[in-house]
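The values are calculated or read from the model by the stated rules, or taken from the named source; none is laboratory data. In this text, all values refer to a predicted model and were calculated from it rather than measured experimentally. Positions of Cβ are backbone-derived with ideal geometry, glycine not excepted, and every protein chain shown enters the neighbour counts.
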Amino acid sequence: MNRHAFDLSDREFRQIRDLFFSLSGVLLADSKKSLVAGRLAKILRELNLDTYQEYVDYVRLEESGREKQRLVDALTTNETYFFREEAHFELLRKELIPELKSRNSPINVWSAACSTGAEPYSIAMELAAQLGYSGWQVTGSDISEKTVNQAAAGIYPLEMVERIPENYRKKFCLKGVRSQEGKFIVKPELRSRCRFFTWNLMVRPKGFGSFDIIFLRNMLIYFNASEKDIIIRNIVSALRPGGYLIVGHSEALSFAQSYLNKIRPTVYQPQENLSRAV
Ligand SMILES: C[S@@+](CC[C@H](N)C(=O)[O-])C[C@H]1O[C@@H](n2cnc3c(N)ncnc32)[C@H](O)[C@@H]1O
């Protein structure tokens with residue numbers, strides 16, 4: 001019979017940590033043990049399993065990849081909000097969009113760890129405000145399929161709308177009615193300029209890119225130095241020469257100084273010797 005609470009032994013925790021690391025590159029600290037136990041308990045109940053060991057064996061043996069994805073969805077930290085780190089949106093609005101607009105070719109922006117979509121839609125609002133609904137595209141990707149599906153739907157609790165500047169709210173958001181009461185919806189015109197898919201940044205991008213601007217914010221903090229370097233090299237391989245990489249305010253890329261120039265805090269450009277370096 002299933003217990004309602006499960007004990008996670010140190011050995012089981014290490015196995016889950018190693019499994020999650022092999023799937024995502026994220027190394028969970030020992031301090032995350034109770035968080036892991038809590039987040040996975042619901043799945044154990046649903047699968048009618050009695051121990052975390054049974055769960056680990058189940059995930060390892062399951063062939064479709066569905067349970068591996070569910071583990072990733074459960075253990076990633078997906079906190080996000082609209083117009084997070086406002087200075088980056090001011091930079092977009094006042095400098096980067098006007099500069100890229102003057103080139104007269106489509107502007108491509110990648111939100112590379114987009115979570116539930118607040119970041120890519122904030123970028124899209126800045127682009128649409130200056131360019132209308134053509135001449136640009138925003139790509140959003142994340143390792144968590146669950147968050148990517150939420151991003152593609154573009155439906156959020158009403159509280160989240162408060163961080164969106166009022167003029168953008170009026171222009172790009174609709175208030176939900178009937179089954180969407182208490183929610184807001186990103187307007188279809190804006191959504192149609194955005195595409196979303198699941199992507200693990202430990203894997204080098206192929207089949208998409210190259211981008212004028214890549215946002216990779218509040219994601220590197222979960223990685224060790226060697227994985228950070230792999231991720232940044234992968235990301236930079238999808239950046240066009242002269243493009244911009246924007247990271248979170250607590251994420252310095254000093255380890256990448258042989259192939260990236262820091263043009264201001266949190267904003268980087270690839271060096272000319274880039275193709276040899278990455
Ligand atoms: C805290 S959220 C940041 C969201 C957004 N960039 C922001 O700043 O608000 C970090 C995201 O990184 C994603 N992530 C973690 N490991 C990843 C990997 N290996 N590849 C792609 N995304 C990953 C998580 O799923 C999570 O949604």
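Apart from one condition, Gln137 fits all of (1) assigned to a helix (DSSP H, G or I); (2) in contact with a strand residue (DSSP E or B) (Cβ under 8 Å, 6 or more places away or on another chain); the exception is (1).
Number of residues in segment 162-188 that are within 16 Å of the ligand (Cβ to nearest atom) and not in a loop (DSSP other than H, G, I, E, B): the value is 3.
Among residues that are within 11 Å of the ligand (Cβ to nearest atom), surrounded by fewer than 21 Cβ atoms within 10 Å (Cβ to Cβ) and among the polar types (S, T, N, Q), Asn78 is included.
When Asp10 is tested against (1) loosely packed, with under 14 Cβ neighbours inside 10 Å; (2) farther than 26 Å from Asn200 by Cβ; (3) modelled with pLDDT under 95; (4) not aliphatic (A, V, I, L, M), exactly one condition is not met: (3). The residues of segment 129-141 that are buried (at least 22 other Cβ atoms within 10 Å of the Cβ) and more than 15 Å from the ligand (Cβ to nearest atom) amount to a single one, Trp136.
Yes/no per residue for (1) closer than 19 Å to Glu85 by Cα; (2) under 16 Å from the mean Cα position of the chain (by Cα):
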| position | (1), (2) |
| --- | --- |
| Gly135 | no, no |
| Thr139 | no, yes |
| Lys171 | no, no |
| Ser179 | no, no |
| Lys187 | no, no |
| Ile213 | yes, yes |
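Strands (runs of 3 or more DSSP E) fully within segment 189-278 that include at least 2 residues being of a type in the set (A, V, I, L, M, F, W, C) and surrounded by 15 or more Cβ atoms within 10 Å (Cβ to Cβ): 194-198, 211-216, 239-247.
Of all residues in segment 69-84, those that are closer than 15 Å to Val36 by Cβ and either touching a residue at least 40 places away in the same chain (Cβ under 8 Å) or not hydrophobic (A, V, I, L, M, F, W, C) (or both) total 7. Taking segment 171-188 as the range and being without any contact (Cβ under 8 Å) to a residue 40 or more places away in the chain, surrounded by 13 or more Cβ atoms within 10 Å (Cβ to Cβ) and basic (Lys, Arg) as the test, the residues that pass are Lys175, Lys183, Lys187. Of the helices (runs of 4 or more DSSP H) lying entirely inside segment 1-103, the ones with 2 or more residues being in contact with a strand residue (DSSP E or B) (Cβ under 8 Å, 6 or more places away or on another chain) are found at 86-91, 97-101. Count of segment 104-118 residues, restricted to those that are of a type in the set (Ser, Thr, Tyr), crowded, with 20+ Cβ neighbours inside 10 Å and either part of a loop (DSSP other than H, G, I, E, B) or not assigned by TED's automatic domain parsing to the domain that holds Leu239 (or both), is 2. For segment 51-74, what are the residues that are more than 17 Å from Gln150 (Cβ to Cβ), surrounded by 15 or more Cβ atoms within 10 Å (Cβ to Cβ) and within 16 Å of the ligand (Cβ to nearest atom)? Selection gives Lys68, Leu71. The sole residue among Ser144, Ser122 that is within 30 Å of Asp30 (Cα to Cα), crowded, with 19+ Cβ neighbours inside 10 Å, within 16 Å of the ligand (Cβ to nearest atom) and modelled with pLDDT of 95 or more is Ser144. Restricting the search to segment 89-119, which residues are of a type in the set (Ser, Thr, Tyr) and either within 14 Å of the ligand (Cβ to nearest atom) or within 21 Å of the chain's Cα centre (by Cα) (or both)? The answer is Ser111, Ser115, Thr116.
Look at Tyr244 and say whether it is under 20 Å from Glu79 (Cα atoms) and either among the polar types (S, T, N, Q) or within 16 Å of the ligand (Cβ to nearest atom) (or both). When the stated conditions are applied, Tyr244 does not pass them.
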